[in-house]
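Every read-out reported here was derived from the displayed coordinates using simple, explicitly stated rules and does not represent laboratory data. Computed from a predicted structure; not experimentally measured. In this analysis, Cβ positions are derived from the backbone assuming ideal geometry, glycine residues included, and neighbour counts consider all displayed protein chains.
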Amino acid sequence: MESNSGPEIVGFGFLRRRLLETVSSRIGNGEFTERGFARFIGISQPQAHNILKGARNLSAETADLILAKLGISILDLLESSERPLPMPPRDPAPVMAIAHAAAVGAFSSVMKKPPATEMRPGGRLVRQMGS
């Protein structure tokens, strides 16, 4: 994944190249012919040829179709050293404390008695004293 200008970012372009390399490798190994691969994923042979040779862009939809038909995920396109490290489990305590405070605050605001008001002539609302 290193290039002359430093490490390559694992973005869509990188994953697209890896997917096309994977398909080309399987065709080169005799697992598929180009025509057989096109039939397998449900596109025309000229479309498959143009995608594999770079004359036509690989759309996200076609990439997803290829991944699904081959039974692989985008993570399978990465070397083990390129895969992201698993995230440690998060401590739910801070989130739960915020959720609890929000729930208690919302509940207590519902339980407060709204201020008493009175409609005066002319459509004015006036707060009653002593409530």
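Select from region 41-58 the residues that are at negative phi and in contact with a Leu (Cβ under 9 Å, 6 or more places away or on another chain) and list them in ascending order. I'd like the intermediate steps shown before the answer.
Looking only at region 41-58, we keep the residues that are at negative phi, and these are 41, 43-53, 55-58.
I41, I43, I51, L52, L58, listed by residue number.
Taking region 58-74, which residues are within 16 Å of S24 (Cβ to Cβ) and of a type outside the set (G, A, S)?
If we filter region 58-74 for residues that are within 16 Å of S24 (Cβ to Cβ), which is where we start, we get 58, 62-63, 66-67, 69-70, 72.
Scanning region 58-74 gives L58, T62, I66, L67, K69, L70, I72.
Just checking: which of the helices (runs of 4 or more DSSP H) contained wholly in region 34-85 hold 3 or more residues that are in contact (Cβ under 8 Å) with a residue 40 or more places away in the chain and hydrophobic (A, V, I, L, M, F, W, C)? Spell out how you get there, then give the answer.
Working: elements: 34-41, 45-53, 60-70.
Filter on region 34-85 gives 60-70.
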